[in-house]
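These notes concern the structure reproduced below.
The values are calculated or read from the model by the stated rules, or taken from the named source; none is laboratory data. What you are looking at is a predicted structure, and each value in this text was computed from that prediction instead of being measured. Cβ placement follows ideal geometry from the backbone for every residue including glycine, while neighbour counts extend to all protein chains displayed. Calculation scope for accessible area: heavy atoms of the full protein, side chains included, ligands and nucleic acids excluded. Shrake-Rupley method; radii C 1.70, N 1.55, O 1.52, S 1.80 Å.
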Amino acid sequence: RARERLESLLHLINDWLDMARISRGQIVDKLKPLDLERLLSQQVEFMKSLAEESLVRLELRPIEKKAFVLGDGQSLEQVFSNIISNAIKYNKPGGSVTVTLREEDGNWVTDVMDTGIGIPREHLPLVFDQFYRVSRREDQKIKGTGLGLAIAKKIVEAHNGIIQVESQPGQGSTFSVRLPKAEPEEK
Ligand code: ATP
Ligand code: MG
């Protein structure tokens, strides 16, 4: 139990350090054209075992075109790793997580759709706040510090992007990340 407590404290400290470290300038300096589908398919691959353990089907829908955005790979990995792991953690056995990509007004939009427990309407505006966790019996059993989405929002906004959520309690949630397109040949 002591070991578990320590591990979760360490996790908290690391998340919090991330939160403090992430400054807009740092990210903006590192923006370059990046293949978003490739990044997503790697993240989906990393999450396969968590999904299997949770009896959740996880898939990335392939697209025809190349989806290039101006981004910093490491920071965007952190964004999608949190959103996809949330979609698995706050799901139900037999549920699914579907990741899709679409173009919209000069942006690439990634939707992470889950068939999980959902988020009550009154909590929706708060899930991106630091340390905010929906207080439900389900959530208490699931490990987390409530920093993942706050970090994700900071990173997405440093990319001049937008992160949004829609949810039906009991049916599932969709997190959408909108990032400005880049041309692959752009520096
Ligand atoms: P961590 O810091 O480890 O990511 P966390 O997962 O609890 O901890 P966030 O990722 O910031 O924190 O999410 C905040 C809260 O929003 C969660 O505790 C959960 O209550 C709710 N939430 C996030 N994603 C989903 C989802 N896909 N379905 C249902 N609830 C969700
Ligand atoms: Mg999380």
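A few points about this structure:
- Straight Cα distances below 22 angstrom link Lys65 to the lysines Lys32, Lys181, Lys187, with same-chain residues fewer than 8 positions distant left out.
- Extending 7 Å from the Cα toward the beta-carbon at both Arg3 and Asp129 defines two label points whose distance is 3.7 nm.
- For segment 1-133, the convex hull drawn through the C-alpha positions has a volume of 145 cubic angstrom per residue.
- Fully extending the segment from Trp16 to Ile142 would add 43.5 nm, taking 0.36 nm per residue of separation and subtracting the current Cα-Cα distance.
- Using the Karplus relation 6.51 cos²θ - 1.76 cosθ + 1.60 with θ = phi - 60°, the per-residue 3J(HN,Hα) values for segment 126-140 come to 9, 5, 8, 7, 4, 6, 7, 10, 5, 8, 9, 4, 4, 5, 5 Hz, with x marking Gly and Pro.
- Here the chain exposes an accessible surface that is 50 percent carbon and sulfur, computed with a 1.4 Å probe and the other protein chains kept in place.
- 0 to 90° range, to nearest 10: angle between helix 73-89 axis and the chain longest Cα axis: 40 degrees
- Within straight-line cross-link reach of Lys92, lysines at Cα separation under 23 Å, skipping those fewer than 8 residues along the same chain: Lys48, Lys141, Lys143
- Beta bridges by DSSP in the chain, antiparallel share as percent, to the nearest 5: 85 percent
- Nearest-ten-degree value, helix 2-21 long axis tilted from longest Cα axis of the chain: 30 degrees
- Restriction of the chymotrypsin sites (Phe, Trp or Tyr not before Pro) in segment 79-187 to DSSP coil positions whose beta-carbon has at most 14 other beta-carbons within 10 angstrom yields Phe131.
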